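Notes follow once the structure below has been shown.
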Amino acid sequence: MVFTRHEVLSGDIEKRIVTGLIVDNKFCREAVPILRPKYFQIDYTRKVAQWVADYWKKYKKAPGKDIQAIFQAEEKILKPAEAGIIEEFLKEISSQYENDVNFNAEYLLDQTYKYSESRSYEILKDQIEGSLLQGKLDKAAEAIRGFNKVARETSRWVNPFDKAEVDKTLDDDASDNLFRLPGALGELIGTLKREWLIAVMGPMKRGKSFYAWEIVYHALIARLKVAVFSLEMNSTQFKKRIYKRMTAMAEYEGEYEYPVFDCAYNQDGSCLKEERKNRRALVLDDGTLPEYSRNSKYKPCDYCRHHDKKSYQLAWWWRTHKQKEDLSTEAIAKKVKIFKRLYGNNLRLMCHPPFSASFDDIISDLDNLEYTEGFIPDVILVDYFDITAKTSDDERSDANTKWQRGKHLAGVRRALVINCNQSNRDSIDKKNIGQKNTGEDIRKLAHVDALFVLNQLPSEKKSGRIRINTLVHRHDEAEEKGQVIVLQQLKLGQPFLDSEWDRPKKKED
């Protein structure tokens, strides 16, 4: 008998628990002590769970691929039908999780505790009713005493001074790490973690959704599962943005300029290093820079940026990218195939019209995704909270409630939640956006773990640059880090070409 993915992995909590036991060390460590064979109602899940428990007690790790060897050793004492069911189940686990390096153990642990508690109540109810029907009150009392013991064992209270809790603290903290962006932007933002709520803030039409999606893109490269809720763009618009980012292609063929980092000493011709990429100066006699020309023989150089920081002075220039074909179905299909092979099929998209979907709808969508596909996201992007359905006629109260629920979503789903936030009208022409520019209700800042700001003057937008800084960070000294300059070419769907710290210009000797 062959079982569908839905039947094997998604439709039954017991199957998801057994999957976690097989593939994840942390889940095994926490779940094995609280699970009892009697909690499992399906014969084969009970058997496989017992195999894993025995393996864990002996080797202190999840069996992973060794489960196949365990199955082969146990197969001879199984009935043929039962052996066939278990074999198909293990094949499904192997195909789905062999490359899953970021299993969401915490979320499944929450479900396991709830299931264990629920089953213990059901079992107690049956024992008490059976004892009362037989007039055996002592048996009913014994069942209650036994339940109290189980309740203590499954309690989620912890003693921070217990040696076991001390031993696992750093391991648990490290296991919450998800990924970080490359380069200076990654240094600014730091490692992103489960249960965090982060947000990207800027004025209208500044590129907030682009940068929120950029974070998601790097989560996909880290082989994490991602669920995206788009409340501003429809499915076609959002998918087109995804495809542009993957292909680095504009909709039409032609030549496109994109910014690159250069060095001021290369531009003024004062650099005498052998590694310099040309011997031409770019700066004009009056000290200004010329208009960019595709025919210019001047070559940008950032050798010292990577090899000799003391000899490098941040500057930027242009290069030309020649696109030989329109963005087409064939080009997209080729890139998608390669991307899936390298990083997995880990992106799901749900679109709702603005102001139509509530947080309850989002939670329902996530539940449906879990039960139909067995897809439990590590990262959730909601673009964006403020245009979900109203919770109150008072705008400030409405905004605060939505951000509270966003933080709650991160905790309950044990996922990184990403949001966008539109800053107020006063921020449109500001060089640097501050906390007072938070839109609607400044209490939003109390709910985020980190909030990143997009700063861009018209001249910077024209030259393909944007400055990003951390406005709020619950776990880091945000203000001390400064700003990062990010190069972008949005026509090619690239909000993040490269990044470098915005260092002040060196004083003349």
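The values are calculated or read from the model by the stated rules, or taken from the named source; none is laboratory data. This is a predicted model, so every value here is computed, not measured. When we count neighbours, we look across all protein chains shown, and the Cβ atoms used for this are built from the backbone with ideal geometry, even at glycine.
Of the residues examined, residue 91 is not one that is within 29 Å of residue 143 (Cβ to Cβ), under 32 Å from the mean Cα position of the chain (by Cα) and not in a loop (DSSP other than H, G, I, E, B). Figure legend. Inter-residue proximity from segment 403-431: first residues under 21 Å from residue 375 (Cβ atoms), second residues at pLDDT 95 or above and among the aromatic types (Phe, Trp, Tyr), beta-carbon distance below 7 Å, spacing 6+ or different chains. Indicated pairs: 410/196; 416/196. Taking residues in segment 315-330 that are part of a strand (DSSP E or B), and partners anywhere that are basic (Lys, Arg) and at pLDDT 90 or above, the pairs with Cβ atoms closer than 6 Å and at least 6 places apart or on different chains are 320/294. If you check residue 193 against the conditions, is it in the same structural domain as residue 435 (by TED's automatic domain parsing), crowded, with 22+ Cβ neighbours inside 10 Å and closer than 20 Å to residue 447 by Cα? So residue 193 fails the test. Take the conditions (1) part of a loop (DSSP other than H, G, I, E, B); (2) in contact with a Ser or Thr (Cβ under 7 Å, 6 or more places away or on another chain); residue 393 misses just one of them, which is (2). Residues that are surrounded by fewer than 18 Cβ atoms within 10 Å (Cβ to Cβ) and touching a Ser or Thr at 6+ places or on another chain (Cβ under 9 Å) were ranked within segment 277-291; the one that is farthest from residue 485 (Cα to Cα) is 280. Of the numbered criteria (1) free of Cβ contacts under 8 Å to residues at least 12 places away in the same chain; (2) basic (Lys, Arg); (3) in contact with a Ser or Thr (Cβ under 7 Å, 6 or more places away or on another chain), the one residue 294 fails is (1). Based on what the data block shows, is residue 35 in contact (Cβ under 8 Å) with a residue 12 or more places away in the chain and either surrounded by fewer than 14 Cβ atoms within 10 Å (Cβ to Cβ) or assigned to a loop (DSSP other than H, G, I, E, B) (or both)? It is true that residue 35 is in contact (Cβ under 8 Å) with a residue 12 or more places away in the chain and either surrounded by fewer than 14 Cβ atoms within 10 Å (Cβ to Cβ) or assigned to a loop (DSSP other than H, G, I, E, B) (or both).
Of 485, 466, all but one fail to be surrounded by 21 or more Cβ atoms within 10 Å (Cβ to Cβ) and either closer than 25 Å to residue 178 by Cα or touching a Ser or Thr at 6+ places or on another chain (Cβ under 8 Å) (or both); the exception is 485.
Which residue is surrounded by the fewest Cβ atoms within 10 Å (Cβ to Cβ), if the candidates are limited to segment 299-314 and must be of a type outside the set (A, V, I, L, M, F, W, C) and not in a loop (DSSP other than H, G, I, E, B)?
So the first thing to find is which residues in segment 299-314 are of a type outside the set (A, V, I, L, M, F, W, C), and the list is 299-300, 302-303, 305-313.
Then drop every residue that is not not in a loop (DSSP other than H, G, I, E, B), which leaves 303, 305-307, 309-311.
Details: 303: 17, 305: 17, 306: 8, 307: 11, 309: 10, 310: 6, 311: 13.
If we take residues in segment 299-314 being of a type outside the set (A, V, I, L, M, F, W, C) and not in a loop (DSSP other than H, G, I, E, B), then 310 is surrounded by the fewest Cβ atoms within 10 Å (Cβ to Cβ).
If you check residue 233 against the conditions, is it surrounded by fewer than 20 Cβ atoms within 10 Å (Cβ to Cβ) and closer than 29 Å to residue 300 by Cα?
On the way: surrounded by fewer than 20 Cβ atoms within 10 Å (Cβ to Cβ): yes; closer than 29 Å to residue 300 by Cα: no.
When the stated conditions are applied, residue 233 does not pass them.
The single condition among (1) farther than 17 Å from residue 115 by Cα; (2) surrounded by fewer than 19 Cβ atoms within 10 Å (Cβ to Cβ); (3) modelled with pLDDT of 90 or more that residue 46 does not meet is (1).
Please pick out the residue among 472, 486, 453 that is in a strand (DSSP E or B) and at pLDDT below 90.
Residue meeting the stated conditions: 472.
Here is a check on your reading of the model: is residue 55 of a type in the set (Phe, Trp, Tyr), more than 34 Å from the chain's Cα centre (by Cα) and part of a helix (DSSP H, G or I)? Can you show your working first?
On the way: of a type in the set (Phe, Trp, Tyr): yes; more than 34 Å from the chain's Cα centre (by Cα): no; part of a helix (DSSP H, G or I): yes.
No: the conditions fail for residue 55.
Please indicate, with yes or no, whether at least one residue in segment 242-249 is without any contact (Cβ under 8 Å) to a residue 40 or more places away in the chain and of a type in the set (Gly, Ala, Ser). Reasoning before the result, please.
Just the residues of segment 242-249 that are without any contact (Cβ under 8 Å) to a residue 40 or more places away in the chain, to begin with: none.
So far as segment 242-249 goes, no, none of its residues is without any contact (Cβ under 8 Å) to a residue 40 or more places away in the chain and of a type in the set (Gly, Ala, Ser).
Residues that are in a loop (DSSP other than H, G, I, E, B) and of a type in the set (D, E, K, R) were ranked within segment 408-433; the one that is farthest from residue 454 (Cα to Cα) is 414.
When residue 294 is tested against the conditions (1) exposed (fewer than 14 other Cβ atoms within 10 Å of the Cβ); (2) under 27 Å from residue 221 (Cβ atoms); (3) not assigned by TED's automatic domain parsing to the domain that holds residue 412, the lone failure is (2).
Being within 29 Å of residue 41 (Cα to Cα) and either in the same structural domain as residue 198 (by TED's automatic domain parsing) or modelled with pLDDT of 85 or more (or both) is the requirement here; does residue 104 meet it?
Working: within 29 Å of residue 41 (Cα to Cα): yes; either in the same structural domain as residue 198 (by TED's automatic domain parsing) or modelled with pLDDT of 85 or more (or both): yes.
Yes.
Yes/no per residue for (1) among the aliphatic types (A, V, I, L, M); (2) modelled with pLDDT under 95:
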| site | (1), (2) |
| --- | --- |
| 234 | no, yes |
| 245 | no, yes |
| 250 | yes, yes |
| 263 | no, no |
| 279 | no, yes |
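Candidates 264, 333, 248: the one that is under 31 Å from the mean Cα position of the chain (by Cα) and surrounded by 14 or more Cβ atoms within 10 Å (Cβ to Cβ) is 248. All conditions but one from (1) farther than 30 Å from residue 316 by Cβ; (2) among the small types (Gly, Ala, Ser); (3) in a helix (DSSP H, G or I) apply to residue 459; the one that does not is (1). For segment 341-378, filtering for residues that are under 11 Å from residue 229 (Cβ atoms), buried (at least 16 other Cβ atoms within 10 Å of the Cβ) and not aliphatic (A, V, I, L, M) leaves 6.
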